[in-house]
Amino acid sequence: MPTPNLQHVEMHLLLEGVFQMYGHDFRDYAEASLHRRLNKWLAESRFPGFSEAQGPVLRDPAVFQTLLKGLTVHVTEMFRDPLAFKALREEVIPHLRTYPFLKVWVAGCATGEEAYSLAILLEEEGFKDRYRIYATDIDPEVLTQAKAGIYPLKELQKFTQNYQKAGGKAAFSDYYAASFDLAMLEPRLRERMVFATHNLAVDANFGEMNLVLCRNVLIYFKPNLKARVLELLDASLAPGGFLCLGQKESLDTTPWQKGYQEIAPRSRVYRKRYE
Ligand SMILES: C[S@@+](CC[C@H](N)C(=O)[O-])C[C@H]1O[C@@H](n2cnc3c(N)ncnc32)[C@H](O)[C@@H]1O
């Protein structure tokens, strides 16, 4: 038996406790990045080690929130990977346009930029009030920011470039009002959005979605958790529905590969086959 590493044992016990106490399951997150983030959180905390942190984390939800924040990566941007949004616009929208009503789930939406990008795309493609976007994340704090739809003005240059590369049809400045160093997205964009906390590792599926985006979330999971989440996403999609993963994620070599067709090679946009 290999010699146990004390720090790894302590980390494991903390994650086990977090799961039992709060139902948040980080036990199957990919180790290298998880350990890096745990160590960073510890270094910035007042605790000398993971064992000393365990009691406060388990007893005090506010301390747990700081850990949750430290463990999750929220990097995102509007029209991130613009070619994926271009593929959605050109290859997916023509199919969805025939539907009377569209149900979209953005799983792991972070601070909301991806959900607002979709709202803009659907508005430009004439969906008007014929859709609902469910935007979910494990972290309630990022959802508060997502609901506000206010972003640092300095990020807007990148968002604008992405929007143009994604085939945007208007001037991106039509979608926000600038005030000092902030950009406030047009409130109408969130009229058809529902924000909710949802944990992909343990919570139930969403029913009969026509389009599911779960991008740059699976890369943080070990293969068994990735498989569990793919099963959940699959169960949430109506037959003929579309699944959009991140550029470094794919259905290749998974049990779901056969049940889906990638709409263009390496686009990471898949269509669920009808039985
Ligand atoms: C890197 S961000 C990706 C944001 C966006 N989808 C994108 O591609 O730009 C990953 C998000 O996944 C969320 N996340 C991590 N584990 C999760 C889980 N088990 N259930 C739901 N969301 C989770 C994090 O809180 C974070 O906001």
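The values are calculated or read from the model by the stated rules, or taken from the named source; none is laboratory data. Note that the structure is a prediction, hence the values are computed from the model and not measured. Reconstructed Cβ throughout: ideal geometry from the backbone, glycine too, with neighbour counts over all protein chains shown.
Say whether the condition of being in contact with a Cys (Cβ under 7 Å, 6 or more places away or on another chain), modelled with pLDDT of 95 or more and surrounded by 21 or more Cβ atoms within 10 Å (Cβ to Cβ) is met by at least one residue in the range 116-126.
no
Just to be sure, is ALA148 within 30 Å of PRO239 (Cβ to Cβ), at pLDDT 95 or above, in contact with a strand residue (DSSP E or B) (Cβ under 9 Å, 6 or more places away or on another chain) and assigned by TED's automatic domain parsing to the domain that holds ALA204?
Numbers: within 30 Å of PRO239 (Cβ to Cβ): no; at pLDDT 95 or above: yes; in contact with a strand residue (DSSP E or B) (Cβ under 9 Å, 6 or more places away or on another chain): yes; assigned by TED's automatic domain parsing to the domain that holds ALA204: yes.
Taking the combined requirement at face value, the residue does not satisfy it.
Of everything in the range 212-222, what is under 13 Å from PHE26 (Cα atoms) and away from the ligand (no atom under 11 Å from the Cβ)? Give them in sequence order.
Listed by number, the list holds a single entry, LYS222.
The rows are residues; the columns are (1) crowded, with 21+ Cβ neighbours inside 10 Å; (2) touching a residue at least 12 places away in the same chain (Cβ under 8 Å); (3) more than 15 Å from the ligand (Cβ to nearest atom).
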| position | (1), (2), (3) |
| --- | --- |
| ARG59 | no, no, yes |
| LYS69 | no, yes, no |
| GLU77 | no, yes, no |
| THR98 | no, no, yes |
| VAL104 | yes, yes, no |
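What tally of residues in the range 20-45 results from selecting those that are within 16 Å of the ligand (Cβ to nearest atom) and surrounded by 15 or more Cβ atoms within 10 Å (Cβ to Cβ)?
Qualifying residue count, the range 20-45: 12.
Any residue in the range 224-247 that is within 16 Å of the ligand (Cβ to nearest atom), touching a residue at least 60 places away in the same chain (Cβ under 8 Å) and among the aliphatic types (A, V, I, L, M)?
Yes, the range 224-247 has at least one match.
Please verify whether ILE219 is closer than 24 Å to LEU68 by Cα, under 14 Å from the mean Cα position of the chain (by Cα), buried (at least 21 other Cβ atoms within 10 Å of the Cβ) and modelled with pLDDT under 95, treating the condition exactly as stated. Reasoning before the result, please.
On the way: closer than 24 Å to LEU68 by Cα: yes; under 14 Å from the mean Cα position of the chain (by Cα): yes; buried (at least 21 other Cβ atoms within 10 Å of the Cβ): no; modelled with pLDDT under 95: yes.
Criteria not met by ILE219.
Take LEU83 and tell me if it is touching a residue at least 24 places away in the same chain (Cβ under 8 Å) and either buried (at least 21 other Cβ atoms within 10 Å of the Cβ) or touching a His at 6+ places or on another chain (Cβ under 9 Å) (or both). Lay out the reasoning, then the answer.
Values: touching a residue at least 24 places away in the same chain (Cβ under 8 Å): yes; either buried (at least 21 other Cβ atoms within 10 Å of the Cβ) or touching a His at 6+ places or on another chain (Cβ under 9 Å) (or both): no.
No, not satisfied.
Is there any pair linking a residue in the range 107-127 that is at positive phi and of a type outside the set (A, V, I, L, M, F, W, C) to one that is more than 11 Å from the ligand (Cβ to nearest atom) and at pLDDT 95 or above, with Cβ under 8 Å and at least six apart or on different chains, and which?
GLY112/LYS147; GLY112/GLY149; GLY112/PHE195
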